[in-house]
Amino acid sequence: MQRPTYGQSPPLHHPVPQHVSTVPQLRSPPPLTSQPQGHGYDGSPYPQQQQQAPPGGNMFAQYGNFMNDPTAQIATQFGQTAFRQGQDYLEKNVNRLVNVSALKHYFNVTNSYVINKLFLVLFPWRHKPWTRRQASEVGTGGGQEAWFYLPPRDDINSPDMYIPVMSIVTYVFLRTLFAGFRGEFEPQLFGSVATIAIVMMILEILALRIGCYLLNISNQSQLLDLMAYSGYKFVGVIVTIAVSEIFNGGKGTGGWVGWTLFVYTCLANSLFLMRSLKYVLLPENNNTNQGPMQTMHPLDSRAKRSQRTQFLFAYSYPVQALLMWILCRP
């Protein structure tokens, strides 16, 4: 069967779009220097206003003009004057209680001095000599020659305040740290431990001052020297507590390890004080007035020296052993 034939099919026509749409070509923006004054590249139809740079190219010149304002200058001068007056008032009132210039002498230390001093406090057995080094200077206008002790950084035998202060702070944190390991930490522990340490030092220094007064002992900067020497015991206390807690498993300073360390550090600290305080409590017998060290009269030197020796021994051994035992208790 044959398929019937039809007429020739009409030609196919593709649809022609009625609205012509143009696709913009993407181009990279030109350099900023060649940016037109019209529209910006942020799509804003409004022209961008360019900021005019101040003369000289300084963008902060408008802020610098603030200091040229007479009102600002008056306020600045008033603030500087008030600061100077407050500083002078503070220095005058502080110097009434503490001699700041003399106190700076005790903090004039170096790293090598601190290491050697700690070694001397813990191992004083073979150290020589124990005398402090002195220097002299001639006053202005060719006046009388003045003698003074060298600062700690230049003399290992000179007392300092840096090691005692840092030792007290370390002692407080160490006691609270081991209390936390035992589950006994409380925030009030910081205040209680620090209060006990400071009160003990105050009572110790007060007893020393009374003893020096009764024995007629006077020395330049004696109070600051006694404060410095009373703080060296904390070095031995810290070593005893730290090593004992490690070997005893956090059970305190008891046991043979704790007692052995306590006896050793106590004897080392006592010998250190006995040798170091000799220039304060046992002045030399000489008739020359060179140096800041006090001299004794030849007639009463024998009786006074015997009493001062007993006082120094009692302070260096029994008193220090009692204080260190109280500080080492958990």
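The values are calculated or read from the model by the stated rules, or taken from the named source; none is laboratory data. Remember, predicted model here, so these are calculated numbers, not experimental data. Here the Cβ is made from the backbone with ideal geometry for all residues, glycine too, and neighbour counts use every protein chain on show. Heads up: the accessible areas ignore ligands, DNA and RNA and are worked out on the full protein's heavy atoms, side chains in. Shrake-Rupley method; radii C 1.70, N 1.55, O 1.52, S 1.80 Å.
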Of all helices (runs of 4 or more DSSP H) fully inside region 242-330, the set with 2 or more residues that are modelled with pLDDT of 90 or more, open to solvent by 20 Å² or more (accessible area, probe 1.4 Å) and out of contact with any Ser or Thr (no Cβ under 9 Å at 6 or more places or on another chain) is 255-276, 301-314, 320-328
Mind listing just one residue for me: the one in region 134-156 that is modelled with pLDDT of 90 or more and not aliphatic (A, V, I, L, M) and, of those, surrounded by the fewest Cβ atoms within 10 Å (Cβ to Cβ)? D154
Q77: passes all of (1) assigned to a loop (DSSP other than H, G, I, E, B); (2) at pLDDT below 90 but (1)
